[in-house]
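Working notes, beginning with the structure itself.
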Amino acid sequence: MMFDIIIRGDQVVTPHGTGAWDLCIKGETIAAVMHPDQFSNLQSNRVVDARGKLVIPGGIDPHIHSLWHIPAIEKGGEIKLTDGPDIVSRAAVHGGTTSLLDFATWTHGQTIEEAVNIRKQDWAQKCYTDYGYHIMLQGAIPHNLYPQIAEVIQEGYPSIKIFTTDITPSRKGRKITHGHIWEIFKVLKKEGGIAAIHAEDDEIVMHMYDVLDREGRTGFENLAEVHNSMSEDLSFRRIIRLAELTEGTPLYMMHVSAETGVAAIETSRKRGFPVYGETLHQYLMFTHEHYKLPNGQIYHTYPSLKETSDQDALWKGQLNGSISTIATDEICCNLSTKTQGKRVDDTTGGNAGCEPRVSVMYTEMIVKRGYSPSKFVDLISTNAAKLMGLYPKKGALAVGSDADIAVLDPAEKRVVTASRLHETDYTPWEGYEAAAWPVLTVLRGKIMMENGEFFGDVKDGKLLKRKVAEDIRSRPII
């Protein structure tokens, strides 16, 4: 048999553990996973020696925002869009990530199908990685939308984004009331969906905006007082309890930032409910003290950064199962846009973090905390694939899986600098010492990046239709 590529590695992370394996690629998929040297070099068009390096499934970032609206600071000012999928996905490939999940945002006056079609136009033939969409709902939900939710789940978009808060006073219209959330949960439970929740207590958040305004403490360095741990506690427990009472609707709790959120997830999981937590590498690496640094806005996303004790809980949550994935909440814009807001109510959220995510987490997990390679891969790839209905097509080095592969080289230690990244003109990780860096990224059998040289075509990315497995939806299986 003739293969297109054989990757020979001695630290290859498969679903059955880490070891010495040869990955044999034919077309877009992995055709064989063999003990070393079962096939000769003559049986492949290309042989890659990855010994001494870590060979993993391509990273999956389950939470990004491309071409996302950034509101104008002043009334009547310019509304900006963040960078498009061409920029974000190129950076992702350089960082060892091969799949991205963004959002198709429904607004009043349109159908969900129209929202999806608009997003398809934004992404089709404009992306270097594979990609998919969560469906984002907002505001008051008209009764005729519920059948559309059922339809879009069946069409391959099973994750439905829900806000329990407007986030800031200027963003009115995002919050969905709990009565409407209850109705959405009924549809999700019946049709095979999963709720992707931005959970903050809207009354507490808006109250704290009023308090800080009254006290004259409106600088963004006070964001942690507005988007606080109590808000996360109250909102998580309320939304989780609602899901439990709606026949155990599966939940994907986005951007968990506080110890209280981790505890709420853990409590429900112990009762056997399918609740899963996502955190961001921002929350793991930065605290609200970073707001006080020059251009401190660069570290912020919503909800706010918290305390070191919250970071400790997020790390512990990865080990007990209450945190399943590490995402970015990617917002790719330049430094001037990221820092244009100076107040608690106008600071730009999100981060340009897609490219360094895999390397930073490798450093923090494997090198600094002694995680196994399998645990690392679970958190940056495999679990997202399972929860979002992509596994084992994505997130696994196994026969029949897409040949999405990243090779990390511990000899390629790197100090992270914006000048060496491929996203924008700043990075919150400036000066961070990464213990390894990707030297090879493969998407469905095509070498997209090798030793820093880029070979991708903007038409390479394909839209991913998804279906969440029933065992994921019925109990906390991961």
Practice problem: Looking only at the range 213-235, decide whether some residue is β-branched (Val, Ile, Thr), part of a loop (DSSP other than H, G, I, E, B) and in contact with a Ser or Thr (Cβ under 8 Å, 6 or more places away or on another chain). | Solution: no
Exercise. Go through (1) over 22 Å from Ile478 (Cα atoms); (2) assigned to a loop (DSSP other than H, G, I, E, B); (3) not aromatic (Phe, Trp, Tyr) and name the single condition Gly156 misses.
Key: (1)
Quiz item: From the list Ser359, Ser336, Ser374, which residue is without any contact (Cβ under 8 Å) to a residue 40 or more places away in the chain and either under 27 Å from Asp86 (Cα atoms) or outside any loop (DSSP other than H, G, I, E, B) (or both)?
Solution: Ser336
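Being over 28 Å from Phe454 (Cβ atoms) and hydroxyl-bearing (Ser, Thr, Tyr), is that true of even one residue in the range 61-69? Lay out the reasoning, then the answer.
Residues of the range 61-69 over 28 Å from Phe454 (Cβ atoms): 69.
Among the residues that remain, those that are also hydroxyl-bearing (Ser, Thr, Tyr) are: none.
Within the range 61-69, none of the residues are over 28 Å from Phe454 (Cβ atoms) and hydroxyl-bearing (Ser, Thr, Tyr).
Answer with yes or no whether Glu412 is touching a helix residue (DSSP H, G or I) at 6+ places or on another chain (Cβ under 6 Å), at negative phi, in a loop (DSSP other than H, G, I, E, B) and of a type in the set (Asp, Glu). Quick ask: steps written out before the conclusion?
On the way: touching a helix residue (DSSP H, G or I) at 6+ places or on another chain (Cβ under 6 Å): no; at negative phi: yes; in a loop (DSSP other than H, G, I, E, B): yes; of a type in the set (Asp, Glu): yes.
Here the answer is no, as Glu412 does not meet what is asked.
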Practice problem: Could you please find all residues in the range 127-148 being in a loop (DSSP other than H, G, I, E, B) and either within 30 Å of Asp457 (Cα to Cα) or in contact (Cβ under 8 Å) with a residue 24 or more places away in the chain (or both)? | Solution: Cys127, Tyr128, Thr129, Leu137, Gln138, Gly139, Ala140, Ile141, Pro142
Quiz item: Which members of the range 21-55 meet the condition of being surrounded by fewer than 21 Cβ atoms within 10 Å (Cβ to Cβ), in a strand (DSSP E or B) and touching a residue at least 24 places away in the same chain (Cβ under 8 Å)?
Solution: Lys26, Thr29, Ala31, Ala32, Val33, Asn45, Arg46, Val47, Asp49
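It is to be established whether one or more residues within the range 310-333 are assigned to a loop (DSSP other than H, G, I, E, B), more than 19 Å from the chain's Cα centre (by Cα) and closer than 26 Å to Leu212 by Cβ. Before the answer, list the steps.
Filtering the range 310-333 down to residues assigned to a loop (DSSP other than H, G, I, E, B) leaves 321-324, 328-329, 332-333.
Those left that are additionally more than 19 Å from the chain's Cα centre (by Cα): none.
Within the range 310-333, not a single residue is assigned to a loop (DSSP other than H, G, I, E, B), more than 19 Å from the chain's Cα centre (by Cα) and closer than 26 Å to Leu212 by Cβ.
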Quiz item: Looking at the range 75-116, which of the residues that are acidic (Asp, Glu) and outside any helix (DSSP H, G or I) is farthest from the chain's Cα centre (by Cα)?
Solution: Glu78
Quiz item: Any residue in the range 74-82 that is in contact (Cβ under 8 Å) with a residue 24 or more places away in the chain and out of contact with any helix residue (DSSP H, G or I) (no Cβ under 9 Å at 6 or more places or on another chain)?
Solution: no
Quiz item: When both residues are 6+ apart or on different chains and their Cβ atoms are under 9 Å apart, which pairs have a first residue that lies in the range 259-286 and is assigned by TED's automatic domain parsing to the domain that holds Thr427 and at positive phi, and a second that is modelled with pLDDT of 95 or more and not aliphatic (A, V, I, L, M)?
Solution: none
Quiz item: Can you tell me which residue in the range 95-118 is farthest from Pro62 (Cα to Cα), limited to those that are crowded, with 24+ Cβ neighbours inside 10 Å and not aliphatic (A, V, I, L, M)?
Solution: Trp106
Quiz item: Of the conditions (1) more than 18 Å from the chain's Cα centre (by Cα); (2) not assigned by TED's automatic domain parsing to the domain that holds Ile194, Arg466 fails just one. Which one is it?
Solution: (1)
Quiz item: Hey, Lys190 hits all of (1) touching a helix residue (DSSP H, G or I) at 6+ places or on another chain (Cβ under 8 Å); (2) not in a helix (DSSP H, G or I) but one; which does it fall short on?
Solution: (2)
Quiz item: Which numbered condition trips up Val367, out of (1) free of Cβ contacts under 8 Å to residues at least 24 places away in the same chain; (2) within 16 Å of Gln11 (Cα to Cα)?
Solution: (1)
Quiz item: (1) surrounded by fewer than 16 Cβ atoms within 10 Å (Cβ to Cβ); (2) at pLDDT 95 or above; (3) part of a loop (DSSP other than H, G, I, E, B): which one isn't true of Gly173, the others all being true?
Solution: (2)
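Quick test for you: out of Ile70, Ile30, Ile56, pick the one residue that is of a type outside the set (Asp, Glu) and in contact with a Lys or Arg (Cβ under 6 Å, 6 or more places away or on another chain).
On inspection, the qualifying residue turns out to be Ile70.
Yes/no per residue for (1) under 30 Å from Ala195 (Cβ atoms); (2) outside the structural domain of Trp21 (by TED's automatic domain parsing):
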residue: Leu379; (1), (2): yes, yes
residue: Ser401; (1), (2): yes, no
residue: Arg414; (1), (2): no, no
residue: Thr424; (1), (2): no, no
residue: Val442; (1), (2): no, no
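So if I check each of Ile478, Ile472, which one is assigned to a loop (DSSP other than H, G, I, E, B) and either farther than 27 Å from Glu289 by Cα or in contact with a Leu (Cβ under 7 Å, 6 or more places away or on another chain) (or both)? Lay out the reasoning, then the answer.
Values: Ile472 fails: assigned to a loop (DSSP other than H, G, I, E, B).
It is Ile478.
Take Lys375 and decide whether it is of a type in the set (Lys, Arg) and touching an Asp or Glu at 6+ places or on another chain (Cβ under 8 Å). Working first, answer last.
Working: of a type in the set (Lys, Arg): yes; touching an Asp or Glu at 6+ places or on another chain (Cβ under 8 Å): no.
It is false that Lys375 is of a type in the set (Lys, Arg) and touching an Asp or Glu at 6+ places or on another chain (Cβ under 8 Å).
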Practice problem: Would you mind finding the one in Glu470, Glu412, Glu450 that is among the charged types (D, E, K, R), surrounded by fewer than 20 Cβ atoms within 10 Å (Cβ to Cβ) and without any contact (Cβ under 8 Å) to a residue 12 or more places away in the chain? | Solution: Glu450
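Could you please let me know if Tyr283 is among the hydroxyl-bearing types (Ser, Thr, Tyr), under 16 Å from the mean Cα position of the chain (by Cα) and part of a strand (DSSP E or B)? Steps first, please.
On the way: among the hydroxyl-bearing types (Ser, Thr, Tyr): yes; under 16 Å from the mean Cα position of the chain (by Cα): yes; part of a strand (DSSP E or B): no.
Judged against the criteria, Tyr283 is not a match.
How many residues, within the range 98-124, are among the basic types (Lys, Arg) and under 21 Å from Ile141 (Cβ atoms)? Show your work before the answer.
From the range 98-124, those among the basic types (Lys, Arg) are 119-120; that's our starting set.
In the following step, the residues that additionally are under 21 Å from Ile141 (Cβ atoms) were identified as 119.
Total meeting the criteria: 1.
What number of residues within the range 247-272 are buried (at least 19 other Cβ atoms within 10 Å of the Cβ) and not in a helix (DSSP H, G or I)? Please lay out each step first, then the result.
Here is the first cut: in the range 247-272, the ones buried (at least 19 other Cβ atoms within 10 Å of the Cβ) are 248-262, 264-266, 268-269.
When the remaining residues are screened for being not in a helix (DSSP H, G or I), the result is 248-258.
Final tally of qualifying residues: 11.
The values are calculated or read from the model by the stated rules, or taken from the named source; none is laboratory data. Computed from a predicted model, the values in this text were never measured in an experiment. Here Cβ is always computed from backbone atoms with ideal geometry, including for glycine, and neighbour counts include all displayed protein chains.
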